[in-house]
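Asks: Encoded as structure tokens, here's the structure I'll be asking about.
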Amino acid sequence: MDKFGLWDVPFSSFCKLVGQAANTEQIDELKSKFPNVFIDRMGLCTKTEVQFTLKSDVRPVFRPKRPVSYSMESVVADELKRLEGKGIISPVSYADWAAPIVVVRKPDRSVRICADFSTGLNDALESNNYPLPLPEDIFNRMAGCTMFSHIDLSDAYLQVPVAEESKKLVTINTHLGLYQYNRLPPGIKSGPGAFQQIMDAMLTGISCTTPFIDDILVGGRTPEEHKRNLHLTLQRMEEYGFTVKIQKCRFFMRQVKYLGQLLDSQGIRPDPDKVKAIVNMPPPHDVSSLRSYLGAVNYYGKYIREMRNLRQPLDALLKENSTFQWTQACQLSFDRFKEILQSPLMLTHYNPRFPIVVSADASNVGIGARIAHRFPDGLEKAVYHAFRSLTPAESRYSQIEKEALGLIFAVTKFHRMIYGRQFVLQTDHKPLLAIFGFKRGITPYTANRLQRWALTMLLYEFRIEYISTDHFGHADILSRLINSHIKPDEDYVIASIEIEKVI
């Protein structure tokens, strides 16, 4: 694989095609029976609309427009006209509230426009406290199912209209003047709760079916029951006016991964990928990787006393003038450390009732990430470990870009567990606090790659937290002690290529 450079070939896309070949007739039947759901255009919900509620005694925040380079003015203007033509935005002559826009160029030379509501509106809005589904609710509905389908709405938020009296709040300030959103824009604090409420109302009464914001999971105890539930779901979506991208949907699956669990005919069991990063972790191979290992031992040592004893065979390797020689005693210590990290002592099931902590770190060779729960006694237990190596292009990034890429990898990897929920995002790279902290919005002079990633972070509600490197061993070890053959997923390889084209 390495010799022929085959790691960058998206094998998963071919595997998906092979896996779906047997279901071609069933999928064609769905497309013919529900053409308005699978149509290649953005849907529009006709049953309800979203309203925003301001906190008491807040004052309007009107932000000035941000500068657009002369060479890009016409391209941005064309995109604004395109959005206006689709009915997503409308020009207005006056507004009390206004947010600046962030413009990022796509690989095809077009641009994407997003509103930066972190500049004032999000702080002024009341939170939508409609509850998102808990894992046990989802798994209870899927108990006994043997077949599953996963439906992903396309541009989900933009398919929901905004109430007339709320449109004045979601106004953007551009070099062409003011525009207000007619559809629910991404990046609004109360968006996830409002959208979940619509999904629950739409799918009420359909058995073995549960929505998690814009993801809909449909199950069935038999193929016939699954087909019936799937048809009812698509029928409701057609009645509401929603559309989906069939390329992002998966139908008639015998097994599905969801929130760190595997669902199939055998029931529910932990996903082996949760600890794959730990299982495949190779032992330290030099002093630098050994220090990362010991940093992790020190981090977990405050929770489990045995961790401190694991240092003893290894401290001698750090002594001055000593030769690095990995002995059997060192290997036994390392193996015991991995056993503890995979045990119930340090692992827990995902439960959003507990505070969520996401950590990410980057080295010159890879990225490590962890999502954990923080319990009332201060103990942190990991829910999921993840890591991957850097592509050749990514290995040439500056250190701040590598660290930012680590945060992007973490939030996208754990998207279903953190989207719509508050969490703490930890990093040991202090400059990222200014870029992703959003105290005054995304600076227009941020490097294009970082600005693109900052747009992704706008979708999440988090507090970014700086942790010194000396106390960041739980993430540092995953980024440094990685298997060199763990390559990025297909979407990350493509993203890195696209980013290089943009720059």
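Asks: Cα gyration tensor of the range 284-406, axes a ≥ b ≥ c as square roots of the eigenvalues: rounded (a/c below 1.5), prolate (a/b > b/c) or oblate?
Replies: Oblate is the answer for the range 284-406, as a/c is 1.5 or above yet b/c matches or exceeds a/b.
Asks: Long-range amide H contacts for Ser154: which residues qualify at under 5 Å (H placed 1.01 Å from N, peptide plane, sequence gap of 5 or more or a different chain)?
Replies: Residues meeting the amide H criterion: Thr243, Val244, Lys245.
Asks: With a Förster radius of 22 Å, plug the Cβ-Cβ distance of Arg41 and Ala77 into 1/(1 + (r/R0)^6) and report the FRET value to the nearest 0.05.
Replies: Between Arg41 and Ala77 the formula returns 0.45.
Asks: How large a share of the accessible area of the range 319-444, in percent, is made up of carbon and sulfur atoms when the probe is 1.4 Å and the other protein chains stay in place?
Replies: Values: 2830 of 5390 Å².
Carbon with sulfur: 52 percent of the solvent-accessible area.
Asks: For the residue pair Glu25 and Val424, what label-to-label distance in nm results when each label sits 7 Å from Cα along the Cα-to-beta-carbon direction?
Replies: Placing both labels 7 Å along Cα→Cβ, they lie 5.6 nm apart.
Asks: Under 16 Å from the 7 Å Cα→Cβ point of Phe62, by amide nitrogen: which residues of the range 77-100?
Replies: Once the point is set 7 Å along Cα→Cβ of Phe62, 92-100 turn out to lie under 16 Å by backbone N, inside the range 77-100.
Asks: Taking only Cα atoms, what is the 0 to 90° angle, nearest 10, from helix 223-240's long axis to the longest principal axis of the chain?
Replies: 50 degrees
Asks: Additional query: Between Ala163 and Tyr70, what length comes free when the chain is fully extended (0.36 nm per residue of separation minus the Cα-Cα distance, one decimal in nm)?
Replies: 30.0 nm
Asks: Exactly which trypsin sites (Lys or Arg not before Pro) in the range 303-383 are in a DSSP loop and have at most 12 other Cβ atoms within 10 Å?
Replies: Here the trypsin sites (Lys or Arg not before Pro) that fit, given the DSSP loop and packing criteria, are Arg305, Lys319, Arg353.
Asks: In percent, what relative contact order does the chain have, based on Cα pairs under 8 Å that are 6 or more apart in sequence?
Replies: Value for the chain: 17 percent.
Asks: With a ≥ b ≥ c the root eigenvalues of the C-alpha gyration tensor of the range 106-165, is it rounded (a/c under 1.5), prolate (a/b larger than b/c) or oblate?
Replies: Numbers: a/c = 2.71, a/b = 1.47, b/c = 1.84.
It comes out oblate by the Cα gyration axes.
Asks: Right, here's the next one. Give a residue-ordered list of calculated ³J(HN,Hα) values for the range 270-277 (Karplus: 6.51 cos²θ - 1.76 cosθ + 1.60, θ = phi - 60°; whole Hz; x for Gly, Pro).
Replies: After applying 6.51 cos²θ - 1.76 cosθ + 1.60, I find x, 6, x, 5, 4, 10, 4, 4 Hz.
Asks: Estimate the FRET efficiency between Phe375 and Gln399 by the formula 1/(1 + (r/R0)^6), using the beta-carbon distance for r and 51 Å for R0, to the nearest 0.05.
Replies: 0.95
Asks: What angle, in degrees between 0 and 90 and rounded to the nearest 10, separates the Cα long axis of helix 399-413 from the longest principal axis of the Cα atoms of the chain?
Replies: Rounded to the nearest ten degrees, it is 70.
Asks: Something else: Using only Cα atoms and rounding to the nearest 10 degrees, what angle (0 to 90) does helix 73-85 make with the longest principal axis of the chain?
Replies: So the helix axis and the longest Cα principal axis differ by about 60 degrees.
Asks: A follow-up question, please. For the range 135-242, what is Rg from Cα atoms divided by 2.2 N^0.38 Å, rounded to two decimals?
Replies: Values: Rg = 16.9 Å, N = 108, 2.2 N^0.38 = 13.0 Å.
Scaled against compact globular proteins, the figure is 1.30.
Asks: Over the alpha carbons of the range 65-184, what is the largest minus smallest coordinate on each principal axis, giving the biggest first in Å?
Replies: Computed over the range 65-184, the largest-to-smallest principal extents equal 59, 36, 23 Å.
Asks: Hey, what's the Cα Rg ratio for the chain versus the globular rule of thumb, 2.2 N^0.38 Å? Before the final figure, lay out each step's value.
Replies: Working: Rg = 24.3 Å, N = 503, 2.2 N^0.38 = 23.4 Å.
Relative to the rule-of-thumb radius for its length, the chain sits at 1.04.
Asks: Under a crude label model (7 Å from the Cα following the beta-carbon direction), how far is Thr348 from Asp315 in nanometres?
Replies: That separation, rounded to one decimal, is 3.1 nm.
Asks: Now, a different point. Run the helix sum for the chain: -39,500 (n - 2.57) per DSSP H stretch of 4+ residues, divided by residue count, reported at 222 nm to the nearest 500 deg cm²/dmol.
Replies: -10000 deg cm²/dmol
Asks: By how many nm would the segment from Asp152 to His415 lengthen if fully extended, with 0.36 nm per residue of separation less the alpha-carbon distance?
Replies: Net length gain for the segment: 93.3 nm.
Asks: Residues of the chain: accessible area per residue at 1.4 Å, in Å²?
Replies: 47 Å²
Asks: Here's another thing I want to ask about it. Mind giving me the FRET efficiency for Asp137 and Gln51? R0 is 30 Å, r the Cβ-Cβ distance, nearest 0.05 is fine.
Replies: 0.70
The values are calculated or read from the model by the stated rules, or taken from the named source; none is laboratory data. Everything numeric here is computed off the predicted structure, so don't read it as measured data. Quick reminder, even Gly has a Cβ in these numbers, built from the backbone with ideal geometry, and neighbours come from all protein chains shown. Surface accessibility is based on the protein's heavy atoms, side chains included, excluding ligands, DNA and RNA. Shrake-Rupley method; radii C 1.70, N 1.55, O 1.52, S 1.80 Å.
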